[in-house]
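The values are calculated or read from the model by the stated rules, or taken from the named source; none is laboratory data. Because the structure is predicted, anything quoted here is derived from the model rather than measured. Don't worry about glycine lacking a Cβ; one is built from the backbone with ideal geometry, like all the others, and counts go over all protein chains shown. When the accessible area is computed, the model is the full protein with side chains, heavy atoms only, and any ligands, DNA or RNA have been set aside. Shrake-Rupley method; radii C 1.70, N 1.55, O 1.52, S 1.80 Å.
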Amino acid sequence: MLMRTCGLVLASVYVLFTAVVANAQPVALPEGLTPYGAEQKGNAAGTIPAWDGGMAANNAPPPKQLENPFRDEKPLFVITAANKSQHLDQLTVGQVALLERYPDSYRIPVYPSHRTAAAPQWVYDNIARNHQHAKLVNAGNGIEQAYGGVAFPVPVDQDGQVNALKIIWNHLTRWRGIHIKADLSEAPVHANGSYSLVTASHEAYFVYYDRDKTADSLDNKLSYFLAFIKQPSRLAGGGLLVHETIDRIKEPRAAWVYNSGTRRVRRAPSVEYDMPVPSADNLITADEVDMFNGALDRYNWSFVGKQEIYIPYNNFDLSNATKDDKALLHKGHINPDLTRYELHRVWVVEGTVKEGVRHLYTKRRFYIDEDSWSIVQADQYDARGKLWRVSLSYLVNYYHVPVTWSAASANYDLESGRYFAGYLDSANGIGIQFGDDSPGDGYFSPQSLRRMGR
């Protein structure tokens, strides 16, 4: 059952707290919250534990694989199409739809809950500063005076009302590292179970988290992204460069593509909003990558409430299995035996397309994990108001950093029976390499894209 009272409690704490520290130096968040802005306490039933610092191994060398600290645990129970009615209060509409779409094979194994999410102390310090100074600008399409941490750890306005835009901005500004490299695969899986993998080298620089920058020196830059296709051979060598801005209305996203045949770089057309993604066989839109990204201006956003639901969490086994695509990618859906669900609190936010504006999805409901601010599930509706696609992000804690991010993602098309699987590790170990270095703006330039192409 949705718990609006939680939002009201946070709102009252916020008003009292900001009145005291409006001109103070950065301090901890209001009492009762984690450094990331989640409720520190567990739930009354004891099925969600208190947050005790999460799982972190600071200064530890990167492990070869993410060892599962909960490998000896067994599911508490497994939700199927046959028993789903017993668990409806903790399921999303999309989860129920998947159970009904694949009654003989889709299931949700539920394990004990562990609040493992954590971040470095310097990120927590930045979040405390953001809490005092960050603000929405340009009708909520941009933010100012935010840097190096979620922008709005207590996402309420001065009047005490929870602001849905601030929750979405927390997803967009959540901690994912500074400079990452990864060889990852993705695959559109057809209704008959057939698929072809596309593997690419990925590199991202989260400018917003560059420790040498400040809120004033970001120059409206959020992140840079670079990718080169490695397989299949017919596509190998093609490249993509994206410059992600903070305020997308003030300055749109910029993108360039490299053609290995002509060895030329050209400016890409707008990679925005509901533009279908060709490499995903048009099963996702441009703003559906990483569950949601980009400009927020085509939707009216509303806060629905907080809810306790079963979400994909601590998917260590799945993370280590993503390089075995045959074991992972089953007909209709990802192999449920490799997945792990836990009961966690989520913020529930809904976007409804504005009058006179078009988007492939007329309504989107997002479920945002309170401990990591990651959109972990999304239910997305078509022009008829019918549930069309369901997206899941299978979270895992890269505890050697530490950072909580997706071990894999799946975007399910309920009508066609197809789905798109992404973020599949194609390495023999941890696919994502996290670095503290700042490669600089010049490294992610169109000129560099041309030099790095082959």
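Using a 1.4 angstrom probe on the protein heavy atoms only, could you order ARG211, ARG450 from most to least accessible area?
Numbers: ARG211 145, ARG450 90 Å².
If we order ARG211, ARG450 from most to least accessible, we get ARG211, ARG450.
Please compute the per residue accessible area over the chain with all protein chains in place, 1.4 Å probe, rounded to a whole number of Å². Before the final figure, lay out the partial values.
Values: 18820 Å² over 454 residues.
On a per-residue basis, the chain sits at 41 Å².
Counting every pair of alpha carbons in segment 179-226, the share spaced more than 18 Å apart comes to 52 percent.
The alpha-carbon of LYS331 sits under 22 angstrom from the alpha-carbons of these lysines, leaving out residues fewer than 8 places away in its chain: LYS84, LYS323. All C-alpha to C-alpha distances of segment 74-163, sorted into 10 Å bins beginning at zero, yield P(r) values of 14, 27, 17, 27, 16, 0 percent in whole numbers.
Cross-link check: pairs LYS74/LYS326; LYS306/LYS354; LYS363/LYS386; LYS166/LYS250 evaluated at a Cα-Cα cut-off of 21 Å; pairs beyond the cut-off: LYS74/LYS326; LYS306/LYS354. Taking N as the residue count of segment 37-189, its C-alpha radius of gyration divided by 2.2 N^0.38 Å amounts to 1.31. At full extension, LYS331 and ASP437 could sit 34.1 nm farther apart than now, given 0.36 nm per residue minus the alpha carbon distance. Measuring only protein heavy atoms, the 1.4 Å probe finds SER445 accessible over about 20 Å². The alpha carbon centroids of segment 186-264 and segment 73-139 are separated by 27 Å.
Using a 1.4 Å probe on the protein chains only, how many percent of the accessible area of the chain belongs to carbon and sulfur?
Ligands and nucleic acids excluded, carbon and sulfur give 51 percent.
With the convex hull drawn over the C-alpha atoms of segment 401-454, the volume per residue is 182 Å³.
Its Cα gyration tensor gives segment 278-433 an equivalent ellipsoid; the semi-axes, largest first and in whole Å, are 26, 19, 14. For segment 249-336, the alpha carbon convex hull comes to 195 Å³ per residue, rounded to a whole number. The gain in end-to-end length when the ASN220 to GLN121 segment is fully stretched comes to 33.2 nm, 0.36 nm per residue minus the alpha carbon separation. Using only Cα atoms, locate the centre of segment 377-443 and the centre of segment 356-371, then give the distance between them in Å, rounded to an integer. Measuring centre to centre over Cα atoms gives 16 Å.
Per DSSP helix of 4 or more residues, -39500 (n - 2.57); summed, then divided by the residues of the chain. What does that give at 222 nm, rounded to the nearest 500? Walk me through the numbers on the way to the answer.
Numbers: 7 runs with 66 residues, N = 454.
Result for the chain: -4000 deg cm²/dmol, rounded to the nearest 500.
Take the Cα of LEU197, step 7 Å toward its Cβ, do the same at VAL93, and the gap between the two points is 3.6 nm. Extension gain for SER448-THR262 works out to 65.4 nm (0.36 nm per residue, less the C-alpha to C-alpha distance).
Computed on the chain, the Cα convex hull volume stands at 143 Å³ per residue.
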